[in-house]
Amino acid sequence: VDKGYQKDLEITGVGFKAQVQGKVLNIQLSYTHPINFNIPDGISVETPKPTQIVIKGIDKTMVGQVAAEIRDYYRPEPYKGKGIKYVGEHVRRKAGKSVAGAGGGA
């Protein structure tokens, strides 16, 4: 109870970044508009680096819920690995399309 709970999120992708402005977390992802996430009371959010989000609070379920909501804006995708993931989370990568021949069809 003394130190509370903490979740760390990591943003991967070109041009993806986050910053805290007052009680709002601004997240720039590959969308046409920035995402403004209102930070609930009892939760503190820090961005030590533009690609790192640290969520702290006393209530374990609130910390986990806020982390899950932020992660849901852009879940890590398996082909390039872009998105928001927990620190230490392993994203299983898939191979993309492979070119069989240079001819085409018919």
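The values are calculated or read from the model by the stated rules, or taken from the named source; none is laboratory data. Keep in mind that this is a model prediction, so the values were computed, not measured. To get the accessible areas, we keep the full protein, side chains included, count just its heavy atoms, and leave off ligands, DNA and RNA. Shrake-Rupley method; radii C 1.70, N 1.55, O 1.52, S 1.80 Å.
Mind running the shape call on the chain? Use the C-alpha gyration tensor, a ≥ b ≥ c as the square roots of the eigenvalues: rounded below 1.5 for a/c, prolate if a/b tops b/c, oblate otherwise. It is prolate, given that a/c is not under 1.5 and a/b is the larger ratio.
So what is the accessible area of region 28-89 per residue, in Å², with the probe set to 1.4 Å?
Per-residue accessible area for region 28-89 comes out at 58 Å².
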